[in-house]
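Step one of this worksheet: look at the structure below.
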Amino acid sequence: MVATEDIKARLLNVRDVCMVKAVQLWSLLCGQNKRDIAIGLSVGHSNIIAVEVERKNNEYKIVGVAAQKITPQANDKIELLKALFRNNKFTSSVINSSISGNAVITRYIRFPHMSKKDLRNALEFEAEKYIPFNLSDVFIDFDIICEEKEDTKKFYKLALVAVKKDAVLSFYDIIKAAGIQLNALDLDCFAYTNLFQVTYPEKTEEPVALVNIGAELTNISIIDNGHSAFTRDVIFGGTDITNKIAKLLNLSPEEALNFKYNLDVNVQENKIILKDSLKYFLQELKLSLDFFKNQVCKDKEVKSVYLFGGTSWLNGLCQIVNEELKVETFLFDPMKKFSVGENVDIQLLDQLRGSLSVPLGLAIRREE
């Protein structure tokens, strides 16, 4: 187990949990190797995915991809990570990864204007008002979203982030045991927000909801004027849809999974079944959009919703969200801005397309 003090010493800012002197390391690597290249590593509930990306003149090329399926029979993440890097010829040693889930809490707050040093010191004492964890059990940091003025007083609008130490240390131990040297450990929501801003720069000035639907967890983030303005996790994913379908139709898990992937929503009965299985998801997404409008940025409405994650490519999902929430809904194509190298497994990329937003967002992360 790496010492807590060692991890905390590497905690530079919200985007740099558990960094190993990233700026210096990146400069050193770029000085030795003219290729601007890095690997994004995503360790999820059902897949481990690594994508290697090369950047030239702000253009991005995928030059390597690999994945390992996590199953009840193969769930040792250390061994899966070892196999992934042993069996694939990645060229970069710059590896960025991320964490998410209930170990991460983000609060959006207003705080009086002061120097950055004073702000950090003040938040060490004030954070307990906003964070529902014992402060000795978490790493805390913040990101300044913008400055606001009210009469003659100035305020910061902040994203205050707390990450449970146990979660960071546990993840770090897995990575270390697999023989991997991390350049940076980020948060999932920052990784895919970064990718979205690169992919759809014309959309960053209006409120947009980014909805990452995984196997067990859905993350909802709303960005406004290019900044993260709201984020929350919902315990819901593709597994819940499968289980609901199995219950509704009295099917085995395997039969329900097959039904889900081959579902034709043009058949009204099938569409009703899918809507029923999505009821909780739709309810929580609507609550999030309403909360943003009424509490976070009053009178501002989310103009569009972009779905991604492994479950996002479910037939009819965008259509149902559009109809039920009355907001334009699209699939977020994570590969829109990327070319693909000649030695990359195109078939594997296509299979992983819905799950590439986090690893690609990590792979294009740079210390500028």
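The values are calculated or read from the model by the stated rules, or taken from the named source; none is laboratory data. Because the structure is a prediction, the values reported are computed rather than measured. Quick reminder, even Gly has a Cβ in these numbers, built from the backbone with ideal geometry, and neighbours come from all protein chains shown.
Filter the stretch 59-78 for residues that are without any contact (Cβ under 8 Å) to a residue 60 or more places away in the chain and outside any strand (DSSP E or B) and give the result.
Hits for the stretch 59-78 are 70, 71, 72, 73, 74, 75, 76.
For the stretch 313-346, enumerate the residues that are more than 30 Å from residue 301 (Cα to Cα), polar (S, T, N, Q) and modelled with pLDDT of 95 or more.
Hit for the stretch 313-346 is 339, nothing else.
Please state which one of 22, 50, 67, 38 is modelled with pLDDT under 85 and not assigned by TED's automatic domain parsing to the domain that holds residue 309.
After ruling out the rest, the residue left standing is 22.
In this structure, is residue 84 touching a Phe, Trp or Tyr at 6+ places or on another chain (Cβ under 8 Å) and buried (at least 16 other Cβ atoms within 10 Å of the Cβ)?
Here the answer is no, as residue 84 does not meet what is asked.
What pairs come up if the first residue lies in the stretch 224-243 and is free of Cβ contacts under 8 Å to residues at least 40 places away in the same chain, the second is buried (at least 20 other Cβ atoms within 10 Å of the Cβ) and basic (Lys, Arg), and their beta carbons are under 7 Å apart, counting only those six or more places apart or on different chains?
So the pair list comes out as 242/260.
For the subset of the stretch 248-267 comprising residues that are more than 29 Å from the chain's Cα centre (by Cα) and among the aliphatic types (A, V, I, L, M), which member is farthest from residue 318 (Cα to Cα)?
Here the residue is 251.
Can you tell me which condition residue 208 does not meet? The list is (1) within 20 Å of residue 360 (Cα to Cα); (2) aliphatic (A, V, I, L, M); (3) touching a Cys at 6+ places or on another chain (Cβ under 9 Å), and all the others hold.
The failed condition is (3).
Name the one entry in 297, 318 that is in contact with a Ser or Thr (Cβ under 7 Å, 6 or more places away or on another chain) and either touching a residue at least 40 places away in the same chain (Cβ under 8 Å) or not charged (D, E, K, R) (or both).
Only one candidate qualifies: 318.
What are the pairs, 6+ residues apart or on separate chains, where a residue within the stretch 144-170 that is touching a residue at least 60 places away in the same chain (Cβ under 8 Å) and of a type in the set (S, T, N, Q) has its Cβ under 9 Å from a residue that is surrounded by fewer than 19 Cβ atoms within 10 Å (Cβ to Cβ) and part of a strand (DSSP E or B)?
Sorted first by the residue in the stretch 144-170, then by its partner, the list stays empty.
Would you tally the residues in the stretch 97-128 being among the polar types (S, T, N, Q), touching a residue at least 60 places away in the same chain (Cβ under 8 Å) and not in a loop (DSSP other than H, G, I, E, B)?
Of the residues in the stretch 97-128, 3 are among the polar types (S, T, N, Q), touching a residue at least 60 places away in the same chain (Cβ under 8 Å) and not in a loop (DSSP other than H, G, I, E, B).
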